[in-house]
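Heads up, the thing below is written out as structure tokens.
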Amino acid sequence: MSDSDAPLPHVPESRALSKKRTRLSLVWFIPIVAAIAGAWVAVVRILGEGPKVEIVFKSAEGLEAGKTKIQYNGVDVGVVTTVRLSDDHSQVITTAQMAPKTEGFLVDDTRFWVVRPRISGANVTGLNTLISGAYVAIDIGQSTKSMRTFVALETPPVVTGEVRGRFFIAKTPDLGSLDSGTPVFFRRLQVGQVASYQLDKDGQALSLKLFINAPYDQYITPNTRFWHASGFDVSLSAAGLTVQTQSALSILIGGVAFETPPTDGLAPPAEENTVFTLFNNRADAFKLPAHDPQTFVLTFKESVRGLAPGAPVEFHGIAIGEVAEINAQIDAKTFEFSAPVTIHLDAQRLGVAVRDLAPGEDIGSIRKKLIDTLVSNGARAQLRTGNLLTGSLFVAFEVFPGTPAVTVDWSRTPPELPTVPGELAAIQASVVNIIKKLDQVPIKSIGEDLEKTIADLDRALVSGRGTLDNANKLIEPNSVLGAELGNTLQEVSRAARSVRVLADYLERHPESLIRGKAEEKK
Amino acid sequence: MSATVSTAMQHGLQSCERCALLSRPAAGEHDGRCPRCGEELTFRKHESLQRTWAFVIGAAICYIPANILPVLTTTTAAGSDSDTILQGVILLWSPTGWPLSLIVLVASIMIPSAKIIALVYLLVTVQRGSTANNGQRVRMYRVVEFIGRWSMVDVFVDAFTAALVQLQPLMSVAPAPGLFFFAAVVVLTMLAVESFDPRLIWDSLDAKEVRHV
Ligand SMILES: [Zn+2]
């Protein structure tokens, strides 16, 4: 490299740098700042990290790791971080990262559930999830026992921790349009809802769990009646057409209503979880309860069209029972049709009270005696039209004087009560009678007689005219009769004057009239 | 390598990086300023290795939060969502959207990490005085330098998206902390590339050759 030592011409000298650099470059400031910033972010993240929870779901539908939020009253309080199947593949186990400072949320009775769009009963919920996707809702429990593993609810709870009130049970044979979330009305005010329902173990009825918000729960006494207030409650009965609704809402989605009989106003509120019967409608709910009803059979020969089970049996207009069953029966020998109608009679509604009984006397024997007495006095069951418009029938148990005496055969079960044809049947019978009698009327001979009579009448009229002529002559002005008439009129005029005198007297002494009359009466 | 190679440094001369003027350092001075354009003159970039190391370490540190933290917060009627770069890649991955997803994956995750790795490799080899694969290393440097100016694309895309989406009433996009770290990675790697002096790659070779002679 000998040429390197050779001087190079025209190479200018560089200008001196103003300042020398420090040995350790300031550039190291940059990674230090980056490290500090990174560490700070990490510390904030770690310190700000909330608790982790494990939530077990039946299905992972709508759950997405890293996306699905956990919300409380619309505020994000966590996010689902992982979604996996349990070892036996029967469940979905998710872990969720909760927001900082949510430790207080995670207690023993905290509940989680997935919010998806749901249309149930009164509630159309989770519509926003159509856009945002499902999210997990949380209802914070009251317990103080901390918890990190939860089993999610299958259906959203109707009642969350914040709402105060009490639960009651209503038994119904048929769910109808009821669902969890269906409103419960009290005086047409929505005061609660159906929280849940389940089939009883024996499969005979459904138990509805009703949640009544405070303070309305205090209006429920052991005697409160609950009924289906679903939609239009239209009933056609002997009383006519009745339409009952609770509210427009209940027409759309059904409902449950309750009412406490007014006489029960002072009764103490019912205990939580008291079991009630859910009646079909308000009328059923407030129908007087039957006390140990007696069963009887009535046999009608006429059409029972319009008679329905539940139709009342009335005595003097008072419902004393109801129709239980209507059958048809044809006599094997005569092929005569009859309709045996089973009724339930509740004699207590006639005022036979247990407390009126003599000591040692049996209520059963009293009832027997009552029925016997009524029947022997001519009491009969009769079908009557309750409502001309609907043609519905009811059974009237009335006394028909003059009917031949019968006795009730108590050995038969159920005993049979005597019947009489219904009003309509009776009318039909009499119309038939009239027509039959009309048939027997000899119209032809009547006509001939009439003709003869008219001829006689003609003759009589001719003679009658002669008579009238004679009468005319009698009352002519100059006749004797005319003079007599004049005298008579004078007499009448005199009589009128004395009447006036009497009237004047009475005007002055009206008491004489009373006294005189009183004396007369004596 | 040819033994006839000659560098300015070997002649005690400095070449101006700006105007290419060759000059001689003033007496007693090591470095100086270009007598023509005033650019700082160094035989080799001033504290090149130290500065490059600092920027690379800084970039490497920022690379971690840039990928862990969300870069964008999307707020819609359905709520707000924060996505990291990787989540964005996954989100975009679809039969039709995969090219875009791939671009984001390459530009935002692979290239920054590749740049950091390449720079570390260059720094280590230069410091150890390695003379192997010199040509390859220079090509690597050129590629890294070339890519550098496009690294900001991702940040700009995010910023533009944010600005555009703000206009829609139903949806808004806001930058999240990860984006700042990501921008820091891009800037720091660019600075690292800038401060690295590729002439160093050849210096060890020269030293070897000098020693051989
Ligand atoms: Zn210059």
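The values are calculated or read from the model by the stated rules, or taken from the named source; none is laboratory data. Remember, it's a predicted structure, so these values are computed and weren't measured experimentally. Neighbour counts are summed over all protein chains in view; Cβ atoms, including those assigned to glycine, are modelled from backbone coordinates with ideal geometry. SASA here: full protein model, heavy atoms, side chains in, ligands and nucleic acids out. Shrake-Rupley method; radii C 1.70, N 1.55, O 1.52, S 1.80 Å.
Within segment A:188-212, take every residue that is outside any strand (DSSP E or B) and free of Cβ contacts under 8 Å to residues at least 24 places away in the same chain and give me the one that is nearest to A:R166 (Cα to Cα). Among them, the one singled out is A:K201. Of the listed requirements (1) surrounded by fewer than 14 Cβ atoms within 10 Å (Cβ to Cβ); (2) within 14 Å of chain A (Cβ to nearest Cβ), B:G97 misses just one: (2). Only one entry in A:K69, A:K58 is open to solvent by less than 70 Å² (accessible area, probe 1.4 Å) and at pLDDT 80 or above, namely A:K69. Quick check on A:I363: is it at pLDDT 80 or above and under 24 Å from A:K287 (Cα atoms)? It is false that A:I363 is at pLDDT 80 or above and under 24 Å from A:K287 (Cα atoms). Residues of segment B:28-57 that are within 8 Å of chain A (Cβ to nearest Cβ) and either more than 16 Å from the ligand (Cβ to nearest atom) or at pLDDT below 70 (or both): B:E29, B:D31, B:H46, B:E47, B:Q50, B:R51, B:A54, B:F55, B:I57. In the condition set (1) modelled with pLDDT of 85 or more; (2) within 10 Å of chain B (Cβ to nearest Cβ); (3) open to solvent by less than 80 Å² (accessible area, probe 1.4 Å), A:V53 is compliant with all but (2).
Of all residue pairs spaced 6 or more apart or on separate chains, those with beta-carbon atoms under 6 Å, a first member in segment A:306-333 that is under 16 Å from A:T419 (Cβ atoms) and open to solvent by 60 Å² or more (accessible area, probe 1.4 Å) and a second member that is at pLDDT 85 or above and assigned to a strand (DSSP E or B) are A:E325/A:T342; A:N327/A:P340; A:A328/A:A339; A:Q329/A:S338; A:Q329/A:P340. Taking segment B:7-17 as the range and being at pLDDT below 75 and either among the acidic types (D, E) or within 11 Å of the ligand (Cβ to nearest atom) (or both) as the test, only B:E17 passes. Could you list all residues from segment A:74-85 that are loosely packed, with under 15 Cβ neighbours inside 10 Å and more than 14 Å from chain B (Cβ to nearest Cβ)? Residues satisfying the conditions are A:T82, A:R84, A:L85. What about A:D356, is it out of contact with any Pro (no Cβ under 9 Å at 6 or more places or on another chain) and either modelled with pLDDT under 75 or of a type in the set (D, E) (or both)? Here the answer is yes, as A:D356 does meet what is asked. Residues that are in contact (Cβ under 8 Å) with a residue 40 or more places away in the chain and within 14 Å of chain B (Cβ to nearest Cβ) are absent from segment A:29-47 altogether.
As a summary of the residue check, B:Q87 satisfies the conditions (1) open to solvent by 30 Å² or more (accessible area, probe 1.4 Å); (2) at the interface with another protein chain (Cβ under 10 Å from one of its Cβ atoms); (3) touching a residue at least 60 places away in the same chain (Cβ under 8 Å) except for the one numbered (3).
Within segment A:295-326, the only residue that satisfies the criterion of being over 19 Å from A:A426 (Cα atoms) and polar (S, T, N, Q) is A:T295.
The residues of segment B:58-73 that are facing chain A (nearest Cβ under 9 Å) and aliphatic (A, V, I, L, M), listed by number, are B:A59, B:A60, B:I61, B:I64, B:I68, B:L69.
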